[in-house]
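Visitor: Sharing a structure below in structure tokens format, with a few things to ask.
The values are calculated or read from the model by the stated rules, or taken from the named source; none is laboratory data. Note that the structure is a prediction, hence the values are computed from the model and not measured. Glycine also receives a Cβ, built like all others from the backbone with ideal geometry; neighbour counts cover every protein chain displayed. The protein model used for the area step is the full one, side chains on, heavy atoms only, and it has no ligands, DNA or RNA in it. Shrake-Rupley method; radii C 1.70, N 1.55, O 1.52, S 1.80 Å.
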Amino acid sequence: SGYKHGEGTSTQPDGSKYEGHWWVDSQQGHGKLTLKSGSTLIGHFVNGHLQGEGRIIHNHGAVQIGLFINGKAQGYGKFITPNNTVFEGTYVDGKLQGYGKVTSADGTTRIGNFVDDMQHGVFQITFADGTQAECVFESN
């Protein structure tokens, strides 16, 4: 019939490569999608989009771990930068929203509210040596 169906690997015209389960020519089930940019998406796919628990390893070294709906982070998750700064909290439509925590590689933590991935309002900061401070962030 010419349809991709079952386990397999396919390189797409845009240069991306999908390895995993196919259902009637659609990426369905567990798989790994490597984009032409070098970023990699690993997890469960529905109609070609990351759906449920998954991981995106960006070409610049950052990693997004958590739940995804239609390929966007949704619900609790973590974003880890190449320098090991960790942003964790609730993601809505791919952006950190509401209460969240940032942990720097040196152990410093900032806890507070996020609006569209931006720190907003009062944050409690605990430095690696245990001293604490408060800081106010305003987003435009």
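Visitor: Among all residue pairs at least 6 apart or on different chains, which show Cβ distances below 6 Å where the first residue, located in segment 121-132, is assigned by the TED database to the domain that holds D106 and touching a residue at least 12 places away in the same chain (Cβ under 8 Å) and the second is open to solvent by 40 Å² or more (accessible area, probe 1.4 Å) and β-branched (V, I, T)?
Guide: V122/V136; Q124/I111
Visitor: Oh, and also: Being in a loop (DSSP other than H, G, I, E, B) and within 25 Å of L41 (Cβ to Cβ) is the filter here; which residues of segment 76-104 pass it?
Guide: Kept after step one, since they are in a loop (DSSP other than H, G, I, E, B), are these residues of segment 76-104: 81-85, 93-94, 104.
Correct list: T81, P82, N83, N84, T85, D93, G94.
Visitor: Can I ask one more? Can you name the number of the only condition in (1) surrounded by 14 or more Cβ atoms within 10 Å (Cβ to Cβ); (2) farther than 30 Å from A128 by Cα that G112 fails?
Guide: Condition not satisfied by G112: (2).
Visitor: For I42, only one of the following conditions fails: (1) open to solvent by 80 Å² or more (accessible area, probe 1.4 Å); (2) within 29 Å of N84 (Cβ to Cβ). What is its number?
Guide: Result: I42 passes all but (1).
A quick yes/no check of all residues on (1) under 18 Å from Y18 (Cα atoms); (2) in the same structural domain as Q97 (by the TED database); (3) over 9 Å from the mean Cα position of the chain (by Cα):
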| site | (1), (2), (3) |
| --- | --- |
| L41 | yes, no, yes |
| G48 | yes, no, yes |
| I57 | yes, no, no |
| L67 | no, no, no |
| Y76 | no, no, yes |
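Visitor: Take the residues in segment 16-39 that are more than 22 Å from the chain's Cα centre (by Cα) and open to solvent by 40 Å² or more (accessible area, probe 1.4 Å), then tell me which one is farthest from Q64 (Cα to Cα). Break it down into steps so the answer makes sense when it comes.
Guide: First pass over segment 16-39, keeping only residues more than 22 Å from the chain's Cα centre (by Cα): 22-26.
After this cut, where a residue has to be open to solvent by 40 Å² or more (accessible area, probe 1.4 Å) as well, the list is 23-25.
On the way: W23: 26, V24: 29, D25: 27 Å.
Residue satisfying both the conditions and the ranking: V24.
Visitor: Quick check: is even one residue across segment 45-63 open to solvent by 20 Å² or more (accessible area, probe 1.4 Å), within 28 Å of G130 (Cα to Cα) and out of contact with any Gly (no Cβ under 6 Å at 6 or more places or on another chain)?
Guide: yes
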